[in-house]
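What follows is a short report on a single structure.
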Amino acid sequence: MSAVPSAQGYSSVASTRDYSGCGDRAAPPGTEVMELEHAIGYSGLRSSIHVLPGSSRYVSVAGGCIIIGSYEDPHDQTFLRGHDDDITCLRLSESGRYILSGQRGHNADVCLWDSQSLEIVKRFAEHDEGIVSLDISPDDTIIASIGAERRLAFFDTSNGGIITHTPLSLI
């Protein structure tokens, strides 16, 4: 456990933690890690801040973490952890039912999150190097993603299956 200076003295900021529920990577047992408690700002990605319909809550990105925050209380934040590298794309479905996120790196997965339970509903692992763009159909049934390897893929949200994929040609 380590401590850092704060306005009121020293506060504990790192603790030994079980990584079993935090994405695909695991830290060695007994490893000291820092856990994000509060975030201010956003990543600067295009379309990386969305308002959840019918609420005073918003969705944003900070590194490899999705933040669900409140306009009413800036300290009311929930962190969605399901990626092991920087998030490159974030989308909210028109209905507000789903949050989509994609990351860069070797585990370039697209995650489909339920905006109510804040859990991953499906994980799509079709791309190899990173997610360049994401979108979801207006009826929340089809996800389209473009990977850094220049491939367009379509997924079915009801069963998590791939509908089709095709390489993108240079123009």
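Report, to the nearest whole %, how much of the accessible area of region 99-171 belongs to carbon and sulfur atoms, 1.4 Å probe, protein only.
Here it works out to 52 percent.
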Q. How much accessible surface does residue 121 have with a 1.4 Å probe, in Å² rounded to 10?
A. 60 Å²
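Where does each of 168, 52, 152 land when they are ordered by accessible area, with a 1.4 Å probe and the largest first? If you can, show how the numbers build up before the last one.
Values: 168 65, 52 20, 152 40 Å².
Descending accessible area places them as 168, 152, 52.
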Q: Order 85, 135, most accessible first, counting only protein heavy atoms with a 1.4 angstrom probe.
A: 135, 85
Q: Mind putting together the pair-distance distribution for region 70-171? All Cα pairs, 5 Å bins, whole percent per bin, short to long.
A: 2, 13, 23, 24, 18, 10, 5, 3, 1, 0
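If you filter region 93-154 for trypsin sites (Lys or Arg not before Pro), then keep DSSP loop positions with at most 14 other Cβ within 10 Å, what is left?
Values: sites: 97, 104, 122, 123, 150, 151; in loops: 97, 150.
Of the trypsin sites (Lys or Arg not before Pro), the ones in loops of region 93-154 whose Cβ has at most 14 other Cβ atoms within 10 Å are 150.
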Q. Given the protein chains as shown and a 1.4 Å probe, how many square angstrom of residue 120 are accessible, to the nearest 10?
A. 60 Å²
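Ordering 94, 119 by how much accessible area each has at a 1.4 Å probe, largest first, what is the list? Walk me through the intermediate numbers first.
On the way: 94 140, 119 110 Å².
From most exposed to least exposed: 94, 119.
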Q: Report, as a whole number in µm² per second, the diffusion coefficient that Stokes-Einstein gives for region 95-139 at 37 °C and 0.692 mPa s using the Kirkwood radius over alpha carbon pairs.
A: 298 µm²/s
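The values are calculated or read from the model by the stated rules, or taken from the named source; none is laboratory data. All of these numbers come straight from a predicted model, not from anything done at the bench. Every residue, glycine as well, gets a Cβ built from its backbone with ideal geometry; the counts of neighbours run over all protein chains shown. Calculation scope for accessible area: heavy atoms of the full protein, side chains included, ligands and nucleic acids excluded. Shrake-Rupley method; radii C 1.70, N 1.55, O 1.52, S 1.80 Å.
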